[in-house]
1. Residue farthest toward the positive end of the dipole of the chain, with Cβ of Lys/Arg at +1 and Asp/Glu at -1: which of VAL132, ALA328, LEU497?
2. Suppose the chain between GLU343 and ARG378 were pulled fully straight at 0.36 nm per residue; how much longer would it get relative to their current alpha carbon spacing?
3. What accessible surface, in Å², does a 1.4 Å probe find on LEU399, ignoring ligands, DNA and RNA and rounding to the nearest 10?
4. In whole Hz, what ³J(HN,Hα) sequence does the stretch 459-473 give by Karplus (6.51, -1.76, 1.60; θ = phi - 60°), x for Gly and Pro?
5. Accessible area of the stretch 361-434 with a 1.4 Å probe: how many percent of it is carbon plus sulfur?
6. For the stretch 588-622, which trypsin sites (Lys or Arg not before Pro) pass both filters: DSSP loop (anything but H, G, I, E, B) and at most 15 other C-beta atoms within 10 Å?
7. Top to bottom by accessible area (1.4 Å), largest first, where do ASP63, ASP103 land?
8. For Cα pairs less than 8 Å apart in space and 6+ apart in sequence, what is the mean separation divided by the residue count of the stretch 472-527, i.e. the relative contact order in percent?
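The values are calculated or read from the model by the stated rules, or taken from the named source; none is laboratory data. Only a predicted model underlies this, so the values are computations on that prediction, with no experimental measurement involved. No Cβ is skipped: glycine too gets one built from the backbone with ideal geometry, and neighbour counts run over all protein chains shown. Side chains included, ligands, DNA and RNA excluded: accessible areas come from the protein's heavy atoms. Shrake-Rupley method; radii C 1.70, N 1.55, O 1.52, S 1.80 Å.
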Amino acid sequence: MKRLCWTLLIAALTACADHESDLARILQLEDRRVSCDSLLIFLKHPHADFRALAVEALGKVQDANCTNVLVKMLNDPDPSVRIETAFALGQLGQKSAEKPLIDVLYAQEILEVKLRAIEALGKIGSERSISVLINLMKNPNSVLRAEAALSAGRMALRNLTHPSLSEALVLCLRDQNSEVRWKACYSLMRIGKEINFEKLRQVLQDSDARVRMYAVQALGNAQDAAVLEAFGKILATDRDWRVRVKAANALGKYPLRRIANYVNFTDQPQHVRVALIQAIGSSAALEPSGYIPSSREHNLIRHHLEQILAENNVSAEDGRDRLFHSSAEIGLALISYARLLKEAAAPRIEEFLNHPQPRLRARALQALAECGAANAARIFESSYFDAPAMVKIAILEALTKMNDPEPRVFVQALQETDPVLAALAAQGLSQDSLRNKIYVQPIISAYRNLPRPVDVEVAQMMFSALVKMGDTLAVSVLTEALDTPDQALSKVAAEALQKLTGRDYSARVAKQTQPHTNFNHKEIEALNGARATIQTERGNIEIVLHTFDAPLTVLNFARLAEKGFFDGLTFHRVVPNFVIQGGDPRGDSWGSPGYAIRSEFNKQPFRRGSVGMASAGKDTEGCQFFITHSEQPHLDGRYTVFGQVISGLEVVDKIQEGDVMKSVTIRR
């Protein structure tokens, strides 16, 4: 049941000015991350829409102290309030809400409330909820069966499983409803143990790609050698590229000698080729130390990778208008080549160290660390000083993987103005916390010199390094961070202080967060029904924005788009059959708009084509967003969904790493 839109809500109510004020106040309190006490007054509002908004805000704030109050709202006379309450109780994560939620399922209640109660039980339920879910999987209503099957997977994410639950899910694989089947298959994949693999093999030919997808993933996780031939057939013949990607991923779970015959790049979509290249690297890493593959296996895989790497030397003069493999594939092939050949791969990898594309240079440096080249440390040190930020990041990350790296590059990076480099340097120095304890003060100075506001992820990395070094010199700077009016940063500082001193600082965590900008409900009302269009060289992607579910996120996105923030930025991260991610002004996954906005976890699930906010933890979102290739239930309620692709899904499927967003426009 949907709430009235902002326009109708205001128009339908009397005392308009007062209600507008209430609406703005709820949003402001939610944005400031206040304790639940400040929102309780709105739970008694005479209009159900406002009570529902207040409950939704409490769910987004996620203050566990609200649990008992919210449980009472399950008895609210209005179903929209009860829907929001059931969802919010799942978000708060308190087991004390389990029995009231189970009671909802046995009461005379509307379907949507029951669905939200089932979802919540998947997030917070104990063993007592298992029998409830099993019974629901036998319900005549296929919608309830599907939700119960999916909630079993949510339980598995919390390591709560039972053989009887797996048996019930296996029975659901024969359900006539495809929603039930794919959700049961997903949950069996999440459970991963004590499941009937023979039944999973039988659904590899299911008519629904989602069923095949998760069946392949479950079988791959089990490393069942009997299905390798089936994976090879799927790679060659399945009509859905997403299923092929899962089969490629599955090959990476097996030792190289077992998969060589099934690696086939011929006529594969680019996403599948990327997955195969990564599978080779994962598979090579599984071989025992000192193992030498047979000549045939080794040469077959090596040939595939060297064909890809050879395209680095191909140009238009060679008679080819475009390369078959993308720079992303070449970069990943460098990593897999390093894992396959170890130090023998170094000469080929070094050919890429001066590549004009920073991303390929970065991959080459990562590969050099992977293969254990004897001269790697010298190359890292000599390459660092004049390199672009993306390459410097790769060098710092590579150095942390080496045994006993010299601190010189880390010390240099610590003095840079780039917060990301400073944070990575601090982490690198903390690896040998005894030898490098002399750098505690430089790390503290580097933190104090960071531009404000400090990115929470950067702060967490630097605080973690200081804690590992165990020097109480860090107490003063951590206390300063504890007292900032940013709840997320304050929490990070409190956790670090507790580890360093053994004292509990939770009572001193900031009671609220100072918003980075002002807003009013009229701005949000103006975005009711708004759409965003992302223009790319591969076509346009049109998105409907979820103003009701994530009003402040939509407002932030629209403001950034309308000032041209996204124009010319890239999709810097593409994970086949997972997400395409863009909106980073740095282009290296570390960028932000210079501030953070609040998480708005909501009831929207991550479907195919859902648009969500990238995050480094709760309330750390900013400008990076992603679009899903397929259903991703593990993201539900943990990342903010703020839009849905309504046109251009085929464009989403074509997007590759490095593709440019020519423009992002908002149509109100």
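1. Of the options given, the answer is VAL132.
2. On the way: separation 35, 0.36 × 35 = 12.60 nm, distance 1.52 nm.
Gain in length upon complete extension: 11.1 nm.
3. Counting only protein heavy atoms, the figure is 10 Å².
4. 4, 4, 5, 6, 5, 4, 5, 5, 5, 4, 6, x, 9, 5, 4
5. Numbers: 1420 of 3040 Å².
Roughly 47 percent, rounded to a whole number.
6. Details: sites: ARG598, LYS603, ARG607, ARG608, LYS618; in loops: ARG598, LYS603, ARG607, ARG608, LYS618.
Filter output for the stretch 588-622: ARG607.
7. Details: ASP63 30, ASP103 75 Å².
In descending accessible area the options line up as ASP103, ASP63.
8. Numbers: 60 pairs, mean separation 17.8, N = 56.
Computed over the stretch 472-527, the figure is 32 percent.
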